[in-house]
1. Quick one: A:21, A:33, fewest Cβ neighbours within 10 Å first, how do they rank?
2. By the scheme Lys and Arg +1, Asp and Glu -1, what is the net charge of all other residues having a beta-carbon under 13 Å from that of residue A:166?
3. Where does chain B land at 222 nm, in deg cm²/dmol rounded to the nearest 500, when only DSSP H runs of n ≥ 4 count, each adding -39500 (n - 2.57), divided by all residues?
4. Nearest 20 debye, what's the magnitude of the dipole of the range A:105-221 about its Cα centre given +1 on Lys and Arg Cβ and -1 on Asp and Glu Cβ?
5. Give, as a single signed number, the net charge of other residues whose beta carbon lies under 15 Å from the beta carbon of residue A:142, with Lys and Arg counted +1 and Asp and Glu -1.
6. Scale the Cα Rg of the range A:16-168 by the rule-of-thumb value 2.2 N^0.38 Å and send over the ratio, two decimals.
7. Grab the DSSP H runs of chain A that are 4 residues or longer, score each as -39,500 (n - 2.57), total them, divide by all residues and round the 222 nm result to the nearest 500 deg cm²/dmol.
8. Can you give the three extents of the C-alpha atoms in chain B along their principal axes, from longest to shortest, in whole Å?
Amino acid sequence: MAEEVLLFGVWGSPFSRRVEMALKLKGVEYKYMEEDITNKSPALLKYNPIHKKIPVLVHNGKPIAESQVILEYIDETWQGYSLLPKDPYQRAVARFWAKFIDDKCLQPVFKACWGEEKDREKAAEEATELLKFLEEELKEKRFFGGESIGMVDIVASIIAFWLGVFEEASGVKLLTTEKFPKLCNWAHEFVSNGVIKENLPPRDKLIAYFRNRFGGANASK
Amino acid sequence: MAEEVLLLGAWASPFTSRVELALKLKGVQYKYSDEDLNNKSPSLLQYNPIYKKVPVLVHNGKPIVESQVILEYIDETWQGYPLLPKDLYERAIARFWVKFIDDKCWPALQKVFIGEEKGREKAVEEAYEVLKFLEKELKEKRFFGGESIGMVDIAANIIGYWLGACEEATGVELLTREKFPKLSNWIDEFVSNSVIKENLPPRDKLVPFLRHRFGL
């Protein structure tokens, strides 16, 4: 049976883009289905009845939801490029950081840029503390994955690219080279990578989208 | 070098219990160190500087934190009893449910038992919605892992044991046999399993602890 790989996503979503990055790094052919989240397709609701969200990967008719679960599945299913290290301890460390980014960093980062004016300063402090941990973890490595892009880098793409978009769209500055020299270098390396670069959403379109969607009364003039 | 496995935990914590269950199922020898969470040890702060929480597994001096991450590490490091299935798709399904339990069930249960009285009815409705998904997922299986206990069953210990203790501590009834026949059966199987039963904190100690914790 010919292999069929289908991905439901949204063009601007860091979560579906993660999955695309992983598939591209692995060299997996897939068919992409763009979802309108204000008008979800019957297919999406069938494949992800619990969360009704993207991304959903459908491999030979079997759906997998939740981006980190999908990334693990991709790494286990297709050989070649490794997203996770081989060593069990290094794998645990990578899973820790991937979880750290999603569980801890995203909310304060978002709140710092788009939250109510009164909440922004505190959220920015919190985000800064959290980003410091990532700065420290990078050490002298080129990527979180070492010499090449790994799962943590892919998950952290939200910081490498989307954070810059938030900053430009909202006027809030979090990731400065003074405070985060290593993270800034890493972000630059990451977005310049050949495979990654081709799979990022167009920056201008994304800035406009966020400004429109979340800017409102708090938008920078 | 002799293998050294250390677990920093708290006796009443379901997250610590998950790790102990996994180690016991795998037959791994370990040293347990109970933490006073109101007075955290220098070791804990050294091994988990970011979260400062239990559980922490320290294997030959290298610390791993976050119960889900620890469970995956245990499964990959020690052979024998598999916590995750072999089939790649089934593994993804298991990981999905472990995440569902931590991301959706745990907060829903907290809202019911720790939340304010006035919000309770709504919290209970929301918890029902979440538990219904688990009830459905069980289907005709004995355990979420199939014939034997797996990673999802271990993660579901908050439902398998802690939920009942919370109900007893607060007098709030949530998981009835009428509403959740399969989950109720699963709970019976879970707590009667020999490995699990030996490794749960004693109920008569846990219930007063929770009562105190909830300020009752």
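Taken together, the values in this text are just the output of simple stated rules run on the coordinates, not laboratory data. Quick caveat, the model's predicted, so the values are computed rather than measured. Here Cβ is always computed from backbone atoms with ideal geometry, including for glycine, and neighbour counts include all displayed protein chains.
1. Values: A:21 26, A:33 16.
Starting with the residue having the fewest Cβ neighbours, the order is A:33, A:21.
2. Details: positive: A:111, A:120, A:173, A:203, A:211, A:213; negative: A:167, A:168.
Surrounding charge for residue A:166 is +4.
3. Working: 11 runs with 112 residues, N = 216.
Calculated at 222 nm, the ellipticity per residue is -15500 deg cm²/dmol.
4. On the way: 17 positive and 19 negative charges, 75 e Å.
My answer is approximately 360 debye.
5. On the way: positive: A:139, A:141, A:182; negative: A:135, A:137, A:140, A:147, A:153, A:189.
My count for the surroundings of residue A:142 gives -3.
6. On the way: Rg = 16.8 Å, N = 153, 2.2 N^0.38 = 14.9 Å.
Normalised Rg, Cα atoms only: 1.13.
7. -15000 deg cm²/dmol
8. That gives 55, 43, 29 Å along the principal axes, largest extent first.
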